[in-house]
Amino acid sequence: MMSVFAAPGAYDRAITVFSPDGRLFQVEYAMELVNRGATIIGIQCNDGVILGSEENVEPLEEAESSWKIFMVDEHVGAAIVGLSSDARVLIDQARINAQSNKLTYDEPIDVEIVT
């Protein structure tokens, strides 16, 4: 006879599956990665913004794979914490949206729209 209960660990395989006590383990894992991530700081100045981050490059890691600050458009930057692969998908989508806005309206995208 098959059990109606999932095996231990089955609740952390998808973001939409709750554990019996109502937890979303994938969300908790993501939050833990953010908490363990590099420190990022942003400072607003009179003539712009300064973004800075810690750089923790492992001995066998390529420096480019640990970049945490990206240019989305000429006037929009982004800093990431957590899994770079997840954030890079969002950065790529923001860049596409910025390019589409420029081609459609012939003006830079508003920062509020990107966020």
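Read-outs throughout are calculated quantities, based only on the coordinates presented, and are distinct from any laboratory measurement. Nothing here was measured: the structure is a model prediction, and the numbers come from that model. Quick reminder, even Gly has a Cβ in these numbers, built from the backbone with ideal geometry, and neighbours come from all protein chains shown.
Among the residues of region 21-40, count how many are closer than 8 Å to G82 by Cα and of a type in the set (V, I, T).
Within region 21-40, residues that are closer than 8 Å to G82 by Cα and of a type in the set (V, I, T) number 1.
Tell me which residues, restricted to region 85-103, are among the small types (G, A, S) and either touching a strand residue (DSSP E or B) at 6+ places or on another chain (Cβ under 6 Å) or in contact (Cβ under 8 Å) with a residue 24 or more places away in the chain (or both).
A94, A98
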